[in-house]
Amino acid sequence: MACPCKDNTRIALELIEIIQHDNETYSFDFNNHMNLKWKEGDSSKVYLNINESSIGKKFSFATTKEENRIRFTTRIRKDSSDYKKAMENLKIGDTIEISKPSGEFHLIREERAILILSNGVGMAAARSLISAYKHDSTSIPLLASISVNNSSELYLQELKEYENEIKYLNIQYVDNRKSYYQSIDDVFQNLMTYLSDDPIIYVVGSREFVNDSINHLINIGMGYGDIITDSHFESGGCGCSGGSSCGCGGK
C-alpha cells in the first residue's frame, strides 16, 4: 500500500460530529470544504499536537467521496496513548490536519464477486468498500461481507439497511472465530455454486486476523493472487519512523 508519509502535503479539516458506537469505539467526522478526493479503502495520516509536537498516525477512510464527509473510526481505551487521549479531547469545531489520501485497497471491477473479511475497527475500511458498492455496483455481480468481533457490532444496523436496499449484497456479523470460518466456507461454497470465477477476497484487521484468514482461505482452495490485504491494518503501521504507526485500533 502506498505510504502517505512520502507526501508532505497537509489538508486542514474541521470536526463536525463525534459518534460513539460503544464504550471504546468512536467515529470522528470532518467537513470536506476543500473538496478533497479519495477512493474507497484509502487512508491518511491524522496529525495531532502532542506535547508541542505534531504526531501523525494512519487511519482508513470509513466514508466515500459521495457522502461528502470524512470519517475516521477508532478505539479509545482507558489505557490509551497520549495520541488517543488527544483525539478523545477533540471538540466540535476543532481543526486538524491530514496527509494526502493514498492506498491500493480499492474495489476491483472484473465481473467477479467480492468477499470482504474484517475484524474490530477494520470494519471502518470495509464500510468504505461496501458504501462504494452501494453507490456503484458496476462489474461486481455480488458483494458479501463477514465481520468478526466479540464485543461490538460496528456499523451493523447501517449495513443491514444497505442489504435491504441492494439485491446482491450480503452482510454477516459473527462473535467468534469458529462461526467466522464456517461463514467463510458457506459463502465461498455458495459463490462457487452460482459463479464461475473465484471471488476476490479483501481482508482487513489485526495482523493475527489477517494471517489466520489467509491461511484458512488457502486451505479451502483460494490463491494468493485473489486475496487483497490492507497493509497498514495488517502490519500495525506504515513502516515510517517518528510516531507513524496506525491509529485505528492500537494505542
(message) Exactly one condition in (1) in contact (Cβ under 8 Å) with a residue 12 or more places away in the chain; (2) surrounded by fewer than 20 Cβ atoms within 10 Å (Cβ to Cβ) is false for residue 157; which is it?
(response) (1)
(request) Answer with yes or no whether residue 1 is open to solvent by 40 Å² or more (accessible area, probe 1.4 Å), touching a helix residue (DSSP H, G or I) at 6+ places or on another chain (Cβ under 9 Å), at pLDDT below 95 and hydrophobic (A, V, I, L, M, F, W, C). (result) yes
(request) Considering each residue of region 209-238, count those that are open to solvent by 20 Å² or more (accessible area, probe 1.4 Å), under 30 Å from residue 83 (Cα atoms) and modelled with pLDDT of 90 or more, and give that number. (result) 4
(message) Can you find, within region 14-59, the residue that is nearest to the chain's Cα centre (by Cα) among those that are closer than 12 Å to residue 99 by Cβ and open to solvent by 20 Å² or more (accessible area, probe 1.4 Å)?
(response) 57
(request) Return yes or no: is residue 109 open to solvent by 10 Å² or more (accessible area, probe 1.4 Å), without any contact (Cβ under 8 Å) to a residue 60 or more places away in the chain and under 11 Å from the mean Cα position of the chain (by Cα)? (result) no
(request) Please find, within region 116-137, the residue that is surrounded by the fewest Cβ atoms within 10 Å (Cβ to Cβ) out of those that are assigned to a strand (DSSP E or B) and polar (S, T, N, Q). (result) 119
(request) Read through the list (1) closer than 23 Å to residue 103 by Cβ; (2) modelled with pLDDT of 95 or more; (3) open to solvent by less than 90 Å² (accessible area, probe 1.4 Å), then give the number of the only condition that residue 86 fails. (result) (1)
(message) Within region 138-228, considering only helices (runs of 4 or more DSSP H) that don't extend past its boundaries, which have at least 1 residues that are in contact with a His (Cβ under 7 Å, 6 or more places away or on another chain)?
(response) 177-194
(request) Search region 60-83 for residues being among the charged types (D, E, K, R) and in contact with a strand residue (DSSP E or B) (Cβ under 7 Å, 6 or more places away or on another chain), and hand back the single one that is surrounded by the most Cβ atoms within 10 Å (Cβ to Cβ). (result) 75
(request) Look through region 95-106, keep the residues that are within 19 Å of the chain's Cα centre (by Cα) and open to solvent by 70 Å² or more (accessible area, probe 1.4 Å), and return whichever of them is nearest to residue 131 (Cα to Cα). (result) 104
(request) Return the only residue of 245, 241, 206, 196 being modelled with pLDDT under 95, open to solvent by 40 Å² or more (accessible area, probe 1.4 Å) and touching a strand residue (DSSP E or B) at 6+ places or on another chain (Cβ under 6 Å). (result) 245
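The values are calculated or read from the model by the stated rules, or taken from the named source; none is laboratory data. These numbers were taken from a predicted model, which means no experiment stands behind them. All Cβ positions, glycine included, derive from the backbone under ideal geometry; neighbour counts span all protein chains shown. Please note that ligands, DNA and RNA were not included when accessible areas were found on the heavy atoms of the full protein model with its side chains. Shrake-Rupley method; radii C 1.70, N 1.55, O 1.52, S 1.80 Å.
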